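Heads up, the thing below is written out as structure tokens.
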Amino acid sequence: MAEATQTDFQPNIVAFLCNWCSYAGADLAGTSRTQYPSNVRVIRVMCSGRVNPMFVVNALQEGADGVLVSGCHPGDCHYMQGNYYARRRFKLMRNFLEYLGIEPERVRMSWVSASEGAKWKEVIEEVVEGVKAVGPMNKFQRRQLNW
Amino acid sequence: MVDVSKLRETAREIISREDVRELIGYRAGTYGFRARPAFVYDPGEVDQLIFNPACVNNLATYITLEEKLPVPRGQEPDLRKVAVMVKGCDSRALVQQMAENAYERDRILVIGIPCTGVVDMDKVQARFPDVLGPGEISLEGDKFVLIFDGRREEIPKEELLADKCKRCRFPTPLVYDVLLDEEVAPFATDDYSDVEALESRSQDEKWAYWEEKFSRCIRCYSCRNVCPMCYCNDCILDRLRPQWIRRSVDISENTAFHIARAYHLAGRCIQCGECQRVCPVEIPLMELNRKLYKDVEELYDFEPGVKVDAPPLLSSYRPDDPEDFIL
Amino acid sequence: MKNPYIPYEAKILEAWYETPGDRCIKTFKVTFADDKVWETWSHRPGQCAMVGIPGVGESMFCISSSPTEKGYLRFSIMKVGKNTTAIHELEAGDTIYVRGPLGNWFPMDEWKGKNVVTIGGGIGQAPLRPVIQYIRDNRDDYGELTVIYGARTSADHCFKDEFQDMMACGDCCCHLAVDVEEENWPHFVGFVPQLLMEVSPSPENTIAVTCGPPIMIKFVLKNLEKLGFTPDQIYTTLENRMKCGIGKCGRCNVGHIYICKDGPVFSYEQIKDIPEAFA
Amino acid sequence: MAAKKLSKEKVGEVLQELSKFRLITPVKSDDVVLFREIADPKEAFLEYGNSTVPPKKVVFPQTETLFRFTIGNPELREKNVEEEGTTVIFGLRPCDARAMSIVDKLFSWDYEDPYYLKRRELTTLVGMTCVQPPSINCFCTSLQGSPFGKDGLDVLLVDMGDHFLFQPLTEKGARMEETLASYLEDASPGDVERASSMEEEAKGKIVRSIDPQGIAEKLPSLWEDPLWKRVSDACLGCGICTFLCPTCHCFDMQDEVERGEGRRARMWDSCMFCEYTLHASGHNPRPTRKERTRNRISHKYSYYPKRFDVIACVGCGRCISLCPVNIDILEILEQVVEA
């Protein structure tokens, strides 16, 4: 039974993609008809440095089973250093959430450039697999509450 | 031990200065062994000032807590200094505030107190619940001496000492204009064993642990208000547009609140322990702050509150910051 | 008894802007979705209602229409915060929720046979409008009606058409002001308290009602006293942040008075000794 | 209604019997005592001083839905408090019960608050006397209260050492006696007398006090007094004193939406928070902690008695004991008296 739920479980992944690299990379994956899991809901932001770490928390509250933040490779940021800031932020946030008992598989970060349509597919597959392995987020979601 | 008459004399000199508006120190509390913040505006008020191991409050908070009213037209703003008494741990809050440009160094006058440790008032209260007081606490060697109602009790230091003091690495203030006593050599170290113990548990155990703690939270925000580093004019906890954290009190919002509070102190918390001390429902907030403190130190070799010219942790980076977690 | 926290569903019949700018004022004419509500609804000039949108929130506004205007309620709302911004996005045909009527009212019956002077500034005209309208609709019951109103510029004047109409029809005496000189402004230039002295109404058998920004009220009260008005001849409305509107949630108190329940209408006599009333 | 005897050994069985209702008792969460709904009588922690958070939260929850709605659907669905069912709070202290009877006046004044009053109607309060004052800062005896006080309670359990004297006080209390009849014995004739001498003894153990006479009248005259700045200098502006006060009842109302499903809810608010009175325009009639502290004290000791003839403070001492900076309402009141 537990196994059945595990495989039936289709996680919701919220992905914050930077406009210049990762969004274009995901777009490339789409236009080249690359097949990748459909669990991801993309939110385009100008830069991974724009992603407030509270977005991750709010997404998990609102029903995301996992969150992905993706930006340009180090050195390639359109705004020079936004992804470097993001890297520090999400490393700390990920560790911190793990300390509270939120599996690190739920908070991921990746570098995907505009030309890496294939990498995007791999990233998504890994994220989805990771979240599937830890199961649905059921720790502090709002919908668990009985209003 | 700080000599009280010297403390008062120093305070008298300072508050008599024309460029000093007020002096923030300690005075006896209203019951038991408590001490509390004292605000002195006039040389005539210095005789209430004290310092002893009951002086737990971090007075650095008051520098940034002040609510400024608009200066009436035609009047000049009062730019005189605020003098503040700080222990070693408290002084780090001043350092961090100044590192963040919260105010200029010449706005404050720091009276440093080399500190040999303060008590955990809850432990004192638990031992002597019926003492109306006024009771006095002092440290003699490795014993706290409590004097009350004509009695004298000696308790081993270890038993009443606040947890934060047991791992204090900065007993002497890092910034001061006047130092009230000889420097105190560090008498403790910090191995983060408490954080590591929790880290090593399973995810579900960790969540069960925190769920119970967070479920008690009543969101009185005393942890935020007492924090010397929580001085944003526009705190995300109060914002309505956007409303980052809802006002309703439930496990979801409480968790989000505690994540936000601790995370906003990443690379900023100086471990004065005030948040945990004031929490009425005894949430171990320092265990949250210390996790981030430990990570920041391990990952970025960064320690807040020790250098006035340190760049803020989260608005700086090194190209070779760890990125093992990145796909 | 109906649950006082549950609002009535209403429809916006018409909506239009009174003033431009960041803090623009928009007037909404609404009617209840269920006509039966009108059978039990009765409000009087000065009373308020909570207006809001579920999912956003609700805020207290004075009902700016007189009970003599049948079939609808009017609210004139300035865009300042979260709720008002959301309300401003609504147009005719949209649904809005109304809870009320709340609070007390101007003692229109007591004032019968008396002259009435209204002194308003900016959005402060909204609670005065039902008083003026009520008197004009019961013209024989009252003496002279003098309307004094000012705003920063002529564009910031609320109810412009109605003032034009009042000026023309002659059933009241209407005086307008702008704070600073502007081209083609035929009326008074200066602040409302100054205009009040210019008009200089007689206190004889007269009631003065004032509403506007706190600083204006402060000087209007002074000037009214200079003109010989006694505190019991002067009425004003107070406002504070409110949540429940029914005297429970606690935040609107000035001294021991709950503005939402004991107010918003007060005679100066009632509040002159409460220091917090003008905080 | 005659007093009965309840042996302490039977308390477990009594709780078992009462768990057919929504049963709320003090419980220990780590080292903190709180009131919580319990499923197992073993969770009850009755050897306590007083709870950190007062049991007001049972009848006036910190967050409470008023009505629900679905975005796009005009219908508003009122929350039905009745569904919560009959509730018993077992083991609360007399001061906290008295606080509820004080707050009742506010919620039934003019408009009746349907949520609070319905819940009060559904709730039976079984109180326990304080043989020892729970805190050094208790001062209930200064405010018409008593460690054996009966105000607001339906049943008072007088702690006689090895057993309780079970005193039903109201109709609900009598029904409680019927429910528990099989666990109760006849009280011995000496018990009632002994209880009253114990009450005097318990009162004598309370060391802090204030004479509230005249404070209500005096407070307005001290509006501009420098004492307010002095007593609020150290205030941090947190919500401890108000949230943990058994008579504080102010609330905020907020709308929340989760995936198209929404509710309007109310939640405790505190007059010590700066946004409490902040107007949307940015104006704040109480701009600093001085005005807020003055309002808190005035509300309890002047405004409330002016309207409801009772001081909105029961002397539980929580605000004193738990204030992080030792702001002490008794000291403030003494200064008011002396000013």
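Summary of values
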quantity	calculated
Among (1) facing chain D (nearest Cβ under 9 Å); (2) touching a Gly at 6+ places or on another chain (Cβ under 7 Å); (3) under 22 Å from C:Gly100 (Cβ atoms) - the single one C:Pro264 does not satisfy	(1)
Unique match (being more than 27 Å from D:Tyr116 (Cα to Cα), more than 7 Å from chain C (Cβ to nearest Cβ) and buried (at least 24 other Cβ atoms within 10 Å of the Cβ)) among D:Trp268, D:Trp228	D:Trp228
Any chance A:Arg142 is facing another protein chain (nearest Cβ under 8 Å), out of contact with any Lys or Arg (no Cβ under 8 Å at 6 or more places or on another chain) and without any contact (Cβ under 8 Å) to a residue 12 or more places away in the chain	no
Candidates D:Lys56, D:Lys79, filtered to the one that is among the basic types (Lys, Arg) and modelled with pLDDT under 95	D:Lys79
One residue from B:Arg290, B:Arg277, B:Arg268 being closer than 28 Å to B:Glu67 by Cα, more than 14 Å from chain D (Cβ to nearest Cβ), of a type in the set (Lys, Arg) and in contact (Cβ under 8 Å) with a residue 40 or more places away in the chain	B:Arg268
In region C:55-89, residue surrounded by the most Cβ atoms within 10 Å (Cβ to Cβ) [restricted to those that are in contact with a helix residue (DSSP H, G or I) (Cβ under 7 Å, 6 or more places away or on another chain) and within 8 Å of another protein chain (Cβ to nearest Cβ)]	C:Glu58
Residue count for region C:1-60, restricted to those that are in contact with a Leu (Cβ under 8 Å, 6 or more places away or on another chain), basic (Lys, Arg) and within 23 Å of C:Ile246 (Cα to Cα)	0
Those helices (runs of 4 or more DSSP H) lying entirely in region B:71-179 with at least 3 residues under 21 Å from B:Glu274 (Cβ atoms) and under 24 Å from the mean Cα position of the chain (by Cα)	B:88-99, B:121-127, B:163-166
Qualifying residue in region B:45-67 (condition: touching a Cys at 6+ places or on another chain (Cβ under 9 Å), farther than 16 Å from B:Cys89 by Cβ and part of a loop (DSSP other than H, G, I, E, B))	yes
The one condition in (1) facing another protein chain (nearest Cβ under 9 Å); (2) β-branched (Val, Ile, Thr); (3) touching a residue at least 24 places away in the same chain (Cβ under 8 Å) that C:Thr237 fails to fulfil	(1)
Where A:Gly75 falls short, out of the listed (1) assigned to a loop (DSSP other than H, G, I, E, B); (2) modelled with pLDDT of 95 or more	(2)
Test: residue in region C:236-246 that is under 30 Å from D:Met267 (Cβ atoms), in contact with a Pro (Cβ under 7 Å, 6 or more places away or on another chain) and not in a loop (DSSP other than H, G, I, E, B)	yes
All positions within region D:114-140 that are surrounded by fewer than 20 Cβ atoms within 10 Å (Cβ to Cβ) and more than 30 Å from C:Ile6 (Cβ to Cβ)	D:Val131, D:Gln132
Qualifying positions in region D:242-263 - more than 7 Å from every other protein chain (Cβ to nearest Cβ), in a loop (DSSP other than H, G, I, E, B) and at pLDDT 95 or above	D:Cys245, D:Pro246, D:Thr247, D:Cys248
Leading residue by the ranking (farthest from C:Cys244 (Cα to Cα)) among those in region D:231-241 that are within 25 Å of the chain's Cα centre (by Cα) and facing another protein chain (nearest Cβ under 7 Å)	D:Leu236
Count of region B:188-237 residues which are within 14 Å of chain A (Cβ to nearest Cβ), part of a helix (DSSP H, G or I) and either within 26 Å of D:Glu37 (Cα to Cα) or polar (S, T, N, Q) (or both)	13
Among (1) at the interface with another protein chain (Cβ under 10 Å from one of its Cβ atoms); (2) buried (at least 22 other Cβ atoms within 10 Å of the Cβ), the one test that D:Lys306 misses	(2)
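For every residue, the table says whether it meets (1) facing another protein chain (nearest Cβ under 10 Å); (2) in contact with a helix residue (DSSP H, G or I) (Cβ under 9 Å, 6 or more places away or on another chain); (3) without any contact (Cβ under 8 Å) to a residue 60 or more places away in the chain; (4) not charged (D, E, K, R).
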{"site": "A:Gly63", "(1), (2), (3), (4)": "yes, yes, no, yes"}
{"site": "A:Asp76", "(1), (2), (3), (4)": "no, yes, yes, no"}
{"site": "A:Gln81", "(1), (2), (3), (4)": "yes, yes, yes, yes"}
{"site": "A:Arg89", "(1), (2), (3), (4)": "yes, yes, yes, no"}
{"site": "A:Arg94", "(1), (2), (3), (4)": "yes, yes, yes, no"}
{"site": "A:Ser113", "(1), (2), (3), (4)": "no, yes, no, yes"}
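The values are calculated or read from the model by the stated rules, or taken from the named source; none is laboratory data. Quantities reported herein were computed from a predicted structural model and do not represent experimental measurements. Heads up, the Cβs are rebuilt from the backbone with ideal geometry, glycines too, and the neighbour counts pull from every protein chain shown.
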